[in-house]
Structure formats: C-alpha cells, structure tokens
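Take a look at the structure below.
The values are calculated or read from the model by the stated rules, or taken from the named source; none is laboratory data. If you're wondering where the values come from, they're calculated on a predicted model, not measured in any experiment. Here the Cβ is made from the backbone with ideal geometry for all residues, glycine too, and neighbour counts use every protein chain on show. Surface areas here come from the heavy atoms of the whole protein model, side chains and all, with no ligands, DNA or RNA. Shrake-Rupley method; radii C 1.70, N 1.55, O 1.52, S 1.80 Å.
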Amino acid sequence: MVTAAFCSNPAEAELLRSLLEENGIEAFVLDDSFGGAIRLQVPSDQAQEAKRILDEAEKELRGGDQPASDA
C-alpha cells in the first residue's frame, strides 16, 4: 500500500476514497487518531492510476477558478 493523498479532514478523505472506488481502485482511509495526517492509501500497483484520477479531479475543481477570457 502507498499513500495516494493526504487529506485535511475525514470528509475529504471519504470523498476521494469514493471517487477512486467508483473508478475501480481499492482505497483505504487511515486516520491518525492522535492528530496526525489523514492518509488515503491504495495498492502499489494502482498508485499511478489513482494519482491520475485525483489530479484530474483537482483540475476540474480548479477549473472554476480560471479567469474569464476577453472575447
């Protein structure tokens, strides 16, 4: 297992886990109950695809932040 993402809260971690699982990637949330980072773990052989999916989702979310072009 490898860490695909670090999350700021459990809701974010569960949302990303759900996204990966919808795309056929097994994912687990590891929450350090002592105030550490929340990690999203995936099998090593699926890490590259998981990263691609997470990067694509982040780009889509940031798409609304792009300045409007002058037409």
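Between VAL2 and VAL42, SER44, the built amide H atoms are under 5 Å apart, and every one of these is 5 or more places off in sequence or on another chain. With all protein chains in place and ligands, DNA and RNA left out, the 1.4 Å accessible area ranks LYS51, LYS59 as LYS59, LYS51, largest first.
Peptides 36-46, 5-15 ordered by packing proxy, namely the average of other Cβ atoms within 10 Å per residue, highest first: 36-46, 5-15.
Computed with every protein chain present, the accessible area of ARG17 is close to 60 Å² [probe 1.4 Å]. Backbone geometry of the range 11-19 corresponds, through the Karplus equation with coefficients 6.51, -1.76 and 1.60 at θ = phi - 60°, to 3J(HN,Hα) couplings of 5, 4, 4, 5, 5, 5, 4, 4, 4 Hz, x marking Gly and Pro.
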